[in-house]
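Have a look at the structure below before the remarks.
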Amino acid sequence: MPDEQRREIARAARATGTWLLVDETLSDIALDVPAPRPFAASAGPGAGEQIISVGSLSKSCWGGLRVGWARASSRVVTELARVRITHDLAGSVLDQLLAVALMDRIDPLLPGRAAELRRRREALVAALARHLPEWHWTLPPGGLCLWIDLGRPIASQLAARALRHGVRVEGGARFGVDPGTHEHRLRIPFALPGEVYGPAAERLAAALEGAPARIADPGLPDWVA
């Protein structure tokens, strides 16, 4: 989003008393473009009082590190901290200590993380092009997922079939508000090691063709996206 548009949205939010909750969990995962500035940095003096930005180390560093944060005005942060005490009494101390150590090293770590994700993205794209050449997608310049265009509204059905072949993926309808939205799309992350994508794409192709299931228990897939 261009800076001027960000400033217009921030001004409109302030004028109408609207709060903005800005999800910036993937902002650090800029693979082919510069990372965007935080939204609040474009708001201008006094326009950020109703902006809350959220981030997470689960995207920037490792999916198993479920530690995130919120950036907001001091008044809002104080209120959030007060509420958290009454709702979250069992946060992992070890995870939080690890998060503190990583935050001190995040800038030198991110280039290596981006390079690894680019390699995994390339592996997924190559595997899909080999086994499912009729599918289409736009190569994302950042983030962690391909958003596949299946060409027909079969995403939920295909996801159910894929599970019986040992691959768990999510149809686009999971990410839409209205029933049937994005039913022609499939979401496939490229956060796993590159060597898994060849067998996974082959199994997806088998599921698409209606081949017999490969595993007895569909609740135990071999490969999860």
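The values are calculated or read from the model by the stated rules, or taken from the named source; none is laboratory data. Because the structure is predicted, anything quoted here is derived from the model rather than measured. Backbone-built Cβ (ideal geometry, glycine too); neighbour counts: all protein chains shown. The protein model used for the area step is the full one, side chains on, heavy atoms only, and it has no ligands, DNA or RNA in it. Shrake-Rupley method; radii C 1.70, N 1.55, O 1.52, S 1.80 Å.
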Exercise for the section: Just read off the accessible area of Asp88 with the full protein assembly in place, 1.4 Å probe, to the nearest 10 Å². Expected result: 60
Exercise for the section: Would you grab the residues whose amide H sits under 5 Å from the one on Glu170? Only those 5+ places off in sequence or on another chain, please, with H modelled 1.01 Å from N. Expected result: Arg187
Fill in the blank from the handout: Reported to the nearest 10 Å², Glu4 has, with a 1.4 Å probe, an accessible area equal to 80
Problem - Difference of contour (0.36 nm per residue) and Cα-Cα distance, Trp62 to Ala90 - result: 8.0 nm
Practice task
Skip the ligands, DNA and RNA, and give the accessible area per residue of the chain with a 1.4 Å probe, whole Å².
Solution key: 58
Practice task
Treating the angle as unsigned and between 0 and 90°, give the value, to the nearest 10°, between the Cα long axis of helix 93-103 and the longest Cα principal axis of the chain.
Solution key: 80
Practice task
With just the Cα atoms of the range 1-84, tell me how far they stretch along each of the three principal axes, in Å, largest first.
Solution key: 39, 37, 16
Fill in the blank from the handout: Taking only the alpha-carbon positions of the range 19-147 as identical scatterers, the Debye log10 I(q)/I(0) at q = 0.13 Å⁻¹ comes out as -0.70
Practice task
Return the carbon/sulfur percentage of the accessible area of the chain, one whole number, probe 1.4 Å, all protein chains in place.
Solution key: 58
Practice task
Choose one answer from Pro141, Pro45, Pro193: the residue with the largest mean-square fluctuation in a GNM of the chain with alpha-carbon springs under 10 Å.
Solution key: Pro45
Completion exercise
Env charge @ Gly55, Cβ radius under 9 Å, K,R +1 / D,E -1, value -1
Practice task
Using just the helices of the chain, give the 222 nm mean residue ellipticity in deg cm²/dmol: DSSP H runs with n ≥ 4 each add -39,500 (n - 2.57), and the total is spread over all residues, rounded to 500.
Solution key: -13000 deg cm²/dmol
Practice task
For the range 13-168, calculate the relative contact order in percent as a whole number, restricting contacts to Cα pairs under 8 Å that are 6 or more residues apart.
Solution key: 23
Problem - Alpha-carbon Rg with Dmax, taken over the range 77-146, Å - result: 19.3, 53
Exercise for the section: Would you mind telling me which residue in Pro38, Pro189, Pro108 has the biggest mean-square fluctuation in a Gaussian network model of the chain, where springs connect alpha carbons within a distance under 10 angstrom? Expected result: Pro108
Fill in the blank from the handout: Here, the range 102-225 modelled as identical Cα point scatterers in vacuum has Debye log10 I(q)/I(0) at q = 0.11, 0.16, 0.23 Å⁻¹ of -0.39, -0.78, -1.36
Handout entry: Rounded to whole Hz, the Karplus (6.51, -1.76, 1.60) HN-Hα couplings of the range 128-135, x for glycine and proline
Key = 5, 5, 6, 9, 9, x, 7, 7
Practice task
Give the angle, between 0 and 90 degrees and rounded to the nearest 10, that separates the Cα long axis of helix 197-209 from the longest principal axis of the Cα atoms of the chain.
Solution key: 60
